[in-house]
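The values are calculated or read from the model by the stated rules, or taken from the named source; none is laboratory data. As the structure is a prediction and not an experimental result, all values here were calculated from the model. Cβ atoms come from the backbone with ideal geometry, glycine included; neighbour counts cover every protein chain shown. For the accessible areas, the whole protein counts, side chains as well, though only heavy atoms, and no ligand, DNA or RNA atoms are used. Shrake-Rupley method; radii C 1.70, N 1.55, O 1.52, S 1.80 Å.
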Amino acid sequence: WLTAGAMLRRRTCCLALLLLGAALTGAAAEDAAAEGAAGAEATPTPDAAAAEAEPEETQIVLNCDDAELLEPLTTWSPDCVAQWAENMGYPQLKAAFLGNKLTGKGLEALSLETLEKEYGVADEHDRKTLAYTVKDMLRKDNYRGNTNDWQNFLLWLLPMLGVGKWLSMKYEKQLAKLMKKYRKWQEARAPPKPLNSEPV
């Protein structure tokens, strides 16, 4: 067995070797990047020239929390609608929804034709996916549960009453015997009071 000092030395050596390997790997990566950058600067490619000419797309910052997307659809702000479109896999609609200031109520009125003409969603499958998802969210927002509580109660109560009546008819004699035994037990437990008789 190794002593505590030997184990500490072994761990220190392993740690030093790991750090040395990481430093060498990092230095080699920096050298390769510097050589690649120098080579790229020397011979510009057409793709690089085209990329420099195109303006960079600005990142749109949305003011919508994930918790707000759990609220009913009609309460959504334009930022939440844009966030929903991005979450659905349509980030190209984000700018259009924000530009039109489309809220949750507007999203509720969105149709397949509107998606095609105003927002440029050319694929029919994508339009149907968006429209049916909105309809599904509206249906879930408007669902209040089953409100026919008395109807459900009666649907369960009536068969149980029928089963109870059938059992009582089938075992009527046995039930009569049990009731007779029960009355005797009650009388033995608490005997009836004697009648008040007047002295003669």
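General observations
- Flag for K101 being under 26 Å from C64 (Cα atoms), within 33 Å of the chain's Cα centre (by Cα) and open to solvent by 80 Å² or more (accessible area, probe 1.4 Å): yes
- K117, sole failed condition from (1) in contact with a helix residue (DSSP H, G or I) (Cβ under 9 Å, 6 or more places away or on another chain); (2) at pLDDT 85 or above: (1)
- A96 closer than 16 Å to A85 by Cα, over 26 Å from the mean Cα position of the chain (by Cα) and surrounded by 13 or more Cβ atoms within 10 Å (Cβ to Cβ): yes
- Here A82 meets each of (1) in contact with a helix residue (DSSP H, G or I) (Cβ under 9 Å, 6 or more places away or on another chain); (2) more than 20 Å from L62 (Cβ to Cβ) with one exception, condition (2).
- Residue in segment 113-130 that is farthest from M88 (Cα to Cα), counting only those that are among the aliphatic types (A, V, I, L, M) and either in contact with a His (Cβ under 7 Å, 6 or more places away or on another chain) or part of a loop (DSSP other than H, G, I, E, B) (or both): A122
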